[in-house]
Each structure stands twice: as C-alpha cells, then as structure tokens.
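A short write-up of the structure that comes next.
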Amino acid sequence: MKFGIVVLIIIIILAIWVVAAYNGFIKMKNRIEEAFATMDVYLKKRWDLVPNLVNTVQAYAKHESSTFEKITSLRTRNYDAMSPNEKIEANQALGGALGAIVATAEAYPELKANENFMKLMGQLNEFEEDIANSRKYYNGCVRQMNTSVESFPSNIIANLFHFGKYKMYEVDDVKERENVVVNFDPEDGPKLAGGEPAAAAPKVEPEAPAAPADDVPPAPETDLEPPSSEDIQ
C-alpha cells in the first residue's frame with residue numbers, strides 16, 4: 001500500500017512538472033511572436049521607405065548602379081509573403097546595403113543639401129533606433145527559448161511537444177553592423193552605428209577635406225527588457 005502511494009505521489013509530481021514546463025514553453029513562444037510582431041512593424045516601415053530613398057539618391061548618383069542593384073534585387077520579393085526567418089535574413093542584407101547608400105551620398109554635396117533626402121534620412125534614423133530597441137527585446141526572448149530547448153530536463157518537454165529553436169536577429173559580421181545608419185549630418189557627412197563616419201564613396205570631383213565629425217551621443221535607453229526566466233523545473 002505504501003509503495004503504491006509513493007508511486008502515485010511521484011506520478012503526480014511528474015505530471016505537475018510536465019504541465020508547468022509545457023505552459024512555460026507556450027508563454028515563451030507567445031512572447032517571441034509578440035516581440036517579432038512589434039519589430040516587424042518597424043522593419044516594414046524601413047522596407048517601404050527604401051524605394052523613395054533609392055530614387056532620391058539615384059537622381060544625383062546615376063553612375064552608382066551597382067550600389068542600387070543589390071537593394072532593388074532584395075525588394076523584388078513580396079515582404080508580406082515572407083516567413084519570419086526570411087524577413088530577418090532580408091533585413092540583415094538590407095541593413096548593409098543601406099550603409100552603402102549613405103556612403104554614396106557623401107560624394108554628392110547637392111544631394112546632402114536636398115530637403116527630401118534629409119527628410120528621408122531623418123525617418124530612416126528613427127526607424128533604425130526603433131528596430132535596434134525592438135530587436136534587443138526580441139533577441140532576449142529568443143535566447144531564453146533556445147536555452148530552454150537545449151537545457152536538461154526542459155529539453156525533454158521541448159522534444160516531446162516539438163518546441164524548436166528560433167532564429168535570432170543578428171548582423172552577420174562587424175562590417176554589416178557598422179553599416180546601420182544612426183545619424184546624418186549635412187555638414188559632417190553620414191555616420192554609422194557608434195558615431196563612426198561612413199566609408200566615403202568615390203567622389204565625382206575633388207573636394208576639400210571634410211571637418212572631423214563630432215561624437216554622436218549614445219542611443220536612448222530602451223524601456224524593453226528581456227523577460228525573466230520561466231520556472232521550468
């Protein structure tokens with residue numbers, strides 16, 4: 001009789017743990033989907049801004065065809081039809097291509113003084129900051145999920161109920177990371193993440209050296225924080 005009671009208690013404890021672990025995975029999954037949906041709003045805004053930016057730059061830099069071909073090829077796909085992973089990959093590539101667009105603008109003073117171009121750059125700057133903040137939260141959610149999927153004993157529940165790892169939104173290398181635009185000064189020229197000047201494109205005609213760029217203040221702190229770890233026994 002006592003042995004049967006012990007077995008029953010063990011079964012009840014295991015059942016409680018399975019339910020708690022399963023619910024923990026569901027909460028993490030829903031949090032990831034919510035985080036991606038928020039980030040995707042800003043990614044879509046940047047995606048839709050690109051054609052106007054390209055057309056404005058192309059009007060002044062008609063000979064920089066290779067710079068625009070990459071962006072044009074990226075945007076041939078229907079954004080809304082992409083899967084989340086495809087959207088992440090497409091936007092990783094787009095971020096690097098946008099850095100080249102900003103670098104190209106450095107060679108054309110008339111473009112840097114264009115009111116429409118400056119307005120577009122202001123919008124792009126806002127989108128980049130929003131993307132950076134929402135990406136931080138998204139990656140925090142994904143990191144928690146992936147850790148639980150790989151850790152023991154929670155990986156037993158993950159395998160049993162087919163919970164898998166999610167793709168983080170990270171830049172592939174340092175060069176691509178630097179190509180994310182954070183500021184554009186019409187006098188000092190474009191700057192990349194961290195306040196570093198963008199690589200100058202070949203100039204159409206010789207110009208006097210530009211004045212050193214001032215330091216860019218750090219991006220504002222985000223309110224979004226990675227979620228606390230779920231209690232997965």
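For the stretch 1-33, taking the residues that are among the charged types (D, E, K, R) and without any contact (Cβ under 8 Å) to a residue 24 or more places away in the chain, the one that is nearest to Ala158 (Cα to Cα) is identified as Glu33.
Residue under question is Gly164, and the condition is that it be among the small types (Gly, Ala, Ser) and either on the phi > 0 side of the Ramachandran plot or free of Cβ contacts under 8 Å to residues at least 40 places away in the same chain (or both); does it hold? The answer is yes for Gly164. In contact with a helix residue (DSSP H, G or I) (Cβ under 8 Å, 6 or more places away or on another chain) and of a type in the set (D, E, K, R): does that describe Asp48? No; evaluated as a whole, the condition is false for this residue. Pull up the stretch 140-168, narrow it to residues that are of a type in the set (Gly, Ala, Ser) and within 28 Å of Asn91 (Cα to Cα), then point me to the one that is surrounded by the most Cβ atoms within 10 Å (Cβ to Cβ). That would be Ser148.
For the stretch 36-61, taking the residues that are surrounded by fewer than 18 Cβ atoms within 10 Å (Cβ to Cβ) and of a type in the set (Gly, Ala, Ser), the one that is farthest from the chain's Cα centre (by Cα) is identified as Ala59.
Read-outs: derived from the displayed coordinates by stated rules, not from any lab. Only a predicted model underlies this, so the values are computations on that prediction, with no experimental measurement involved. FYI the Cβ positions are ideal-geometry reconstructions off the backbone, even for glycines, and counts take in every protein chain you see.
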